[in-house]
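Written below as structure tokens is the structure these notes are about.
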Amino acid sequence: MGSVDKTFFLLSRGGDTLIVQIYVDIIFGGSSHALVSSFAEQMSREFEMSLMGPKRTFVHQAKYTRDILKKFEMGDSKPMTTSMSTNTALDADEDGEAVDQKEFRWMIGSLLYLMATRPDIQFAVCLCARYQASPRTSHRQNVKRIFRYLKFTPELGLWYSSGYSLSLRGFSDADHAGCRIDRKSTSSTCQLLGTSLVWRFCALERLQVEGVDNALIKGEIESQWTGLIDLLV
């Protein structure tokens, strides 16, 4: 276990090394094909994973996606090509009709779990999750749109390959005071190891003026622990 990051693990065996990072996603690799394959087999027995050959892994939750569509009676809904409209401006909607809070939280919780392999829905889900305390019809409609998007893209997931460069790249962005409701900034960062996504983050900034700077700071902090991989491979 890492001394700084408690979700970062190293296993040394017979001169070979296995690297595992566990947060929501499970990212792993190593210097020995046998060691990596053994770990992959153990994980496949516990989680839904598709192993695409010795150097490629596709992690998805297609079965879970179909299960929650059925659970919330969205299996026959009309598919949507996006999870949220670009014109959406959710607010508390205090004058709107209240909906079942328990069901709304159940829907949000199901989507939060799915975000482990679906970063494309992260922003839309987290925006809707802000209104769990007092959900309205408008909030539920936006959540249902996310489900309709999942109906259109049930088999999307994360692709990991060890056959390419292991160079570490980071990206940061922020829309300064872009929120239409409270003028907060939305910042996001991601880290790529070669062509594989190994870290992502998205949040509304509390400090509006420093939104862009905060995005860069977050990217720098995250790259510090991710950079450990470059020293080990």
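Here, each number is a calculation from the coordinates, and none is a lab measurement. In this text the structure is predicted, and so the values were computed from the model without any measurement. Please note: Cβ atoms are built from the backbone with ideal geometry, for glycine as well, and neighbour counts cover all protein chains shown.
Determine the gain in length on full extension of the stretch TYR113-VAL20; use 0.36 nm per residue of separation and subtract their C-alpha separation, reporting nm with one decimal. Mind showing how you got there, number by number?
Working: separation 93, 0.36 × 93 = 33.48 nm, distance 2.04 nm.
Gain in length upon complete extension: 31.4 nm.
With r as the distance between the Cβ atoms of ALA98 and LYS78 and R0 = 25 Å, compute the FRET efficiency 1/(1 + (r/R0)^6) and round to 0.05.
Result of the calculation: an efficiency of 0.45.
Give a residue-ordered list of calculated ³J(HN,Hα) values for segment 86-97 (Karplus: 6.51 cos²θ - 1.76 cosθ + 1.60, θ = phi - 60°; whole Hz; x for Gly, Pro).
After applying 6.51 cos²θ - 1.76 cosθ + 1.60, I find 5, 9, 5, 9, 5, 9, 5, 6, 4, 8, x, 6 Hz.
Return the long-range amide H neighbours of LYS184 (sequence gap of 5 or more, or a different chain), with a cut-off of under 5 Å between placed amide H atoms.
Answer set, sorted by chain and number: CYS179.
For each of LEU10, LEU90, LEU193, count neighbouring Cβ atoms within 10 Å of the residue's Cβ, then give the residues from fewest to most. Provide the component values of the computation, followed by the final result.
Numbers: LEU10 13, LEU90 18, LEU193 23.
Ordered by Cβ neighbours within 10 Å, fewest first: LEU10, LEU90, LEU193.
Would you please name the GluC sites (Glu not before Pro) within segment 59-123 that are DSSP coil residues with at most 16 other C-beta atoms within 10 Å of their C-beta?
Within segment 59-123, the qualifying GluC sites (Glu not before Pro) (loop, at most 16 other Cβ atoms within 10 Å) are GLU73, GLU94, GLU97.
Tell me, what ³J(HN,Hα) does each residue in segment 106-113 have, in order and in whole Hz, if you take phi through Karplus 6.51 cos²θ - 1.76 cosθ + 1.60 with θ = phi - 60° and put x for Gly and Pro?
5, 5, 5, x, 5, 6, 4, 5
Put a dot 7 Å past each Cα toward the Cβ at SER38 and ARG66; how far apart are the dots in nm?
It is 3.5 nm.
Write down, largest first, the equivalent ellipsoid semi-axes of segment 27-163 in whole Å, where each equals the square root of 5 times an eigenvalue of the alpha-carbon gyration tensor. Could the numbers behind the result be given before it?
On the way: eigenvalues 244, 37, 37 Å².
Each semi-axis is √(5λ); the values are 35, 14, 14 Å.
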